[in-house]
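Working notes, structure below.
The values are calculated or read from the model by the stated rules, or taken from the named source; none is laboratory data. These figures come from a predicted structure and were not determined experimentally. Neighbour counts run over all protein chains shown; Cβ positions are idealised from the backbone, glycine included. With ligands, DNA and RNA removed, areas are computed over all heavy atoms of the protein, side chains included. Shrake-Rupley method; radii C 1.70, N 1.55, O 1.52, S 1.80 Å.
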Amino acid sequence: MTDGAWSATRPGRTPRQVATHCPYCALQCGMVLREDDTGVTVHPRQFPTNRGGLCQKGWTAAELLDHPERLTTPLVRDPATGALRPASWDVALDRIVDGIRAVQDDAGRDAVAVFGGGGLTNEKAYALGKFARIGLRTRHIDYNGRFCMSSAAAAGMRAFGIDRGLPFPLSDLGRADTLLLVGANPAETMPPLVRWLTEQRGNGGQLIVVDPRVTATARQADLHLQPLPGTDLAVANALLHIALTEGWVDRAYVAERTSGFEAVRRSVAAWWPARAEQLSGVPVADLEATARALGTGGRVIILTARGAEQHAKGVDTVTAYVNLALALGLPGRDGSGYGCLTGQGNGQGGREHGQKADQLPGYRRIDDPVAREHVAGVWGVPADELPGPGVPAYQLLDSLGTPDGPRALLVFGSNPVISAPRAARIESRLRDLDLLVVADLLLSETAALADVVLPTAQWAEEDGTMTNLEGRVLRRRALRPPPPDVRTDLAIISALAARLAAAEPPAADTAGSDTAGSDAAGSDAAGTDTAGSQTPGGEPAGVERDTALSGAVAAARFPADPATVFAELRRASAGGAADYAGISWARIDDADGVYWPCPTEDGPDTPRLFADRFATPDGRARFHPVDHRPAAEEVSAAYPLHFTTGRVLAQYQSGTQTRRVAALRRAAGEAFVELHPDLAARLGVDDGDPVRVTSRRGELCAPARLSTGIRPDTVFAPFHYAGAGRANSVTNDAVDPISGMPEFKICAVRVEKA
């Protein structure tokens, strides 16, 4: 073991090593895993995103490989005692298939739903979307990335015609003369990225941070704007107002490369700086200094993240910053642009290949007839058998177990009991299901409610690809196989598809299909019967079952081999916005990843978008006028304070993994409520005292942490924790009407000493 390396002890292993990537955030830091008789050790490697750096989460990632709480056998709930008991795979899979058939026989195909995750590899996300649509024949699939990137994605699509978090390499940050971070705290959420911020400032650049809290990132900034939560859109409109007044708008760029500017110009005319200051609390002088830095800098980059996006007006807020970037002529200009910082490990790839409710592979729309024909051809089914669009994540979760909602749910790589807003309500919905199945590596809070729990392989035990925040497709490489009774998600999907097909009566007539993976294990030889084909609108509950399910599963095949799945993904994505057709594992191995779109194997990839045109029909980016509107829930006498959430350095997402790592527990083992000392004095609260935060939806209890870095009218809690400290018991389930993003970042609360 080298100095500073962490290990997972597993004696008796043949020494070996493999180059791979961290299992956590979208930075996807390069690392080397080494295994010998002392265990598995993690070593950073020189990769373009992290340049040899790792955060504490990356250093300790191997500790979970042999963790004593790891799931190593399926669990099935005993109906007599209500307890989860170890079971064989045959028993567990039979329980699942019997449950699926029972609810679909009684209530139709849409009575079963699937919920995926932004940490799944591209291959698994693709297979999960395919399985939902032609294995289960349900329209109900969405994923936890809806809670992460959906507002920025929707804003990017309507402005640029394409959604890629960073349309330029991460290295551009280090060259920026002005870098504006809005609602982003990479010093805690993706620490190795801070090297680029340090380089940027070392080169004489100016870093400006917009955040309601004085975060670790804000402390490094040259200028920190500290607005009231929920007022970022007003700040953006004021910045554009100043740029127009001072003559910093790039009129030639606007005329040649955009459309719709005049409507935006008129809309921001009313956003004079004093008005924005009155609403947001950001001084006029700071607004003017920010606008000047953006308007006069040579290379200028504007980045947004969850702080700006997780609102019921998140799409409009991001659009306001896109409008600002377009007016300044940034997108497509070398060293400049707009981008968003993707959060989850495969938050980019996970939203491209079909696990979103309205999506088919390649970032195609499921209601586009041309897209349906293309993907159905790859899958070997008639296009009219593909279901129509489903509903966004929160709407799906909130409908579970209700008369008109799904009665069975399959969860892969997600923990909505912790991560969903209004979490107590969602927990109740999960308990109301006839069948809940969770595939995970540990017994998460959601898995603890399940009827069947399936143990899955970890990142160091499977091959595949991930797509990082730059749109760079990377290789995940297995160091070792999973434990004997643990399967990969692809193997689970393959086994379920085969059993569902075998459970159906034989098809009336056959139509062969030569699709990728046709000789893979877990497939079935039956043909396709289109007599019971489903229209895009779905199927009424209680219809008589037909043989289309069996035919679709058998024709399409669900291979467990990730290389075979990726080969099919390439064909399915060909011609789409996120075109992977020219990306092979070998090509990724020969370089430091490959940027999409990449339509041909012998052609170039695309590290930088928008140099010549945007991905719109006329090649022009589109301005959209947007206006500030209040938060979905405003403060009142009963709930006089603003509540906001976020992450801390030593934890990640719902904490299923990081809360079980000893070093990370020591660093950040319990929830807390951050509040200003002036507020604490009014409440009679000292540092460390237990406090109760109550909203109209629920409450959390945790120790107080006093900080002058937060506004006196706002309290903050991290969202990683379970039990009494669950922050999402409090958060608002109001959603953005375009993206379906819940309003995690602001609601009204009262605080009292517990």
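Of Arg158, Arg139, all but one fail to be in contact with a helix residue (DSSP H, G or I) (Cβ under 9 Å, 6 or more places away or on another chain) and surrounded by fewer than 24 Cβ atoms within 10 Å (Cβ to Cβ); the exception is Arg158. Restricted to strands (runs of 3 or more DSSP E) entirely inside the range 697-753, those with at least 2 residues that are surrounded by fewer than 23 Cβ atoms within 10 Å (Cβ to Cβ) and over 25 Å from the mean Cα position of the chain (by Cα) are 699-706, 747-753. Please specify each residue of the range 33-56 satisfying the condition of being under 19 Å from Glu461 (Cβ atoms) and touching a strand residue (DSSP E or B) at 6+ places or on another chain (Cβ under 9 Å). Scanning the range 33-56 gives Leu33, Arg34, Glu35, Asp36, Thr38, Gly39, Val40, Thr41, Val42, His43.
For the range 582-600, does any single residue satisfy the condition of being in a helix (DSSP H, G or I) and under 26 Å from Gly698 (Cβ atoms)? Walk me through how you get there before you give the answer.
Start the filter on the range 582-600 by keeping residues that are in a helix (DSSP H, G or I), which leaves 585-590.
Of the ones still in play, those that are also under 26 Å from Gly698 (Cβ atoms) are none.
For the range 582-600, residues in a helix (DSSP H, G or I) and under 26 Å from Gly698 (Cβ atoms): absent.
Counting only residues that are under 28 Å from the mean Cα position of the chain (by Cα) and open to solvent by 20 Å² or more (accessible area, probe 1.4 Å), the range 74-87 holds 1 of them.
In the range 156-180, the residues that are within 20 Å of Gly575 (Cα to Cα) reach residues that are open to solvent by 10 Å² or more (accessible area, probe 1.4 Å) and assigned to a helix (DSSP H, G or I) with C-beta atoms within less than 6 angstrom, at least six apart or across chains, in these pairs: Asp163/Met157.
Taking the numbered list (1) under 30 Å from Ala383 (Cβ atoms); (2) surrounded by fewer than 24 Cβ atoms within 10 Å (Cβ to Cβ); (3) of a type in the set (Phe, Trp, Tyr) in turn, Trp196 passes all entries but (1). Taken over the range 161-172, residues that are farther than 24 Å from Leu233 by Cβ and surrounded by 24 or more Cβ atoms within 10 Å (Cβ to Cβ) amount to 1. Taking the range 644-692 as the range and being surrounded by 18 or more Cβ atoms within 10 Å (Cβ to Cβ), over 20 Å from the mean Cα position of the chain (by Cα) and among the aliphatic types (A, V, I, L, M) as the test, the residues that pass are Val661, Leu664, Ala668, Ala671, Val673, Leu675, Leu679, Ala680, Val685, Val691.
Please tell me if Ser267 is surrounded by 22 or more Cβ atoms within 10 Å (Cβ to Cβ), in contact with a Pro (Cβ under 8 Å, 6 or more places away or on another chain) and touching a residue at least 12 places away in the same chain (Cβ under 8 Å). Criteria not met by Ser267. Taking into account only those residues within the range 13-31 that are surrounded by fewer than 17 Cβ atoms within 10 Å (Cβ to Cβ) and without any contact (Cβ under 8 Å) to a residue 60 or more places away in the chain, which is farthest from Gln56 (Cα to Cα)? Per the criteria, the residue is Thr14.
Would you mind stating whether Arg213 is open to solvent by 10 Å² or more (accessible area, probe 1.4 Å), within 30 Å of Gly30 (Cα to Cα) and of a type outside the set (Val, Ile, Thr)? For Arg213, the condition - open to solvent by 10 Å² or more (accessible area, probe 1.4 Å), within 30 Å of Gly30 (Cα to Cα) and of a type outside the set (Val, Ile, Thr) - is not met.
Of all residues in the range 246-260, those that are assigned to a helix (DSSP H, G or I) and closer than 18 Å to Val300 by Cβ total 6.
Within the range 417-442, the residues that satisfy the criterion of being in contact (Cβ under 8 Å) with a residue 60 or more places away in the chain and in contact with a strand residue (DSSP E or B) (Cβ under 7 Å, 6 or more places away or on another chain) are Pro421, Asp434, Leu435, Val437, Asp440, Leu441, Leu442.
Is one or more of the residues making up the range 625-635 in contact (Cβ under 8 Å) with a residue 12 or more places away in the chain and not in a loop (DSSP other than H, G, I, E, B)? Checked the range 625-635: no residue is in contact (Cβ under 8 Å) with a residue 12 or more places away in the chain and not in a loop (DSSP other than H, G, I, E, B).
Here the range 577-615 is the region considered, the condition is being within 21 Å of Ala127 (Cα to Cα) and touching a Leu at 6+ places or on another chain (Cβ under 8 Å), and the residue that is surrounded by the most Cβ atoms within 10 Å (Cβ to Cβ) is Tyr580. Condition (residue is among the polar types (S, T, N, Q), surrounded by fewer than 24 Cβ atoms within 10 Å (Cβ to Cβ), in contact (Cβ under 8 Å) with a residue 24 or more places away in the chain and out of contact with any His (no Cβ under 8 Å at 6 or more places or on another chain)) applied to the range 88-102: is it met by at least one residue? No, the conditions are met nowhere in the range 88-102.
Can Val235 be described as within 15 Å of Tyr321 (Cβ to Cβ), at pLDDT 95 or above and touching a His at 6+ places or on another chain (Cβ under 8 Å)? Criteria not met by Val235. Within the range 137-164, track down each residue that is in a loop (DSSP other than H, G, I, E, B), more than 21 Å from Asp579 (Cβ to Cβ) and among the β-branched types (Val, Ile, Thr). Thr138 - this is the single residue of the range 137-164 that is in a loop (DSSP other than H, G, I, E, B), more than 21 Å from Asp579 (Cβ to Cβ) and among the β-branched types (Val, Ile, Thr).
Table: residues versus (1) farther than 20 Å from Ala176 by Cβ; (2) in contact (Cβ under 8 Å) with a residue 40 or more places away in the chain; (3) open to solvent by 20 Å² or more (accessible area, probe 1.4 Å).
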{"position": "Ile208", "(1), (2), (3)": "no, yes, no"}
{"position": "Thr217", "(1), (2), (3)": "no, no, no"}
{"position": "Asp222", "(1), (2), (3)": "no, no, yes"}
{"position": "Pro227", "(1), (2), (3)": "yes, yes, no"}
{"position": "Leu240", "(1), (2), (3)": "no, yes, no"}
{"position": "Val254", "(1), (2), (3)": "yes, yes, no"}
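In this structure, is Gln310 more than 18 Å from Trp596 (Cα to Cα), of a type in the set (S, T, N, Q) and open to solvent by 10 Å² or more (accessible area, probe 1.4 Å)?
In short, yes.
Candidates in the range 326-356 are the residues that are in a loop (DSSP other than H, G, I, E, B) and of a type in the set (D, E, K, R); of these, the one that is least open to solvent (accessible area, probe 1.4 Å) is Glu352.
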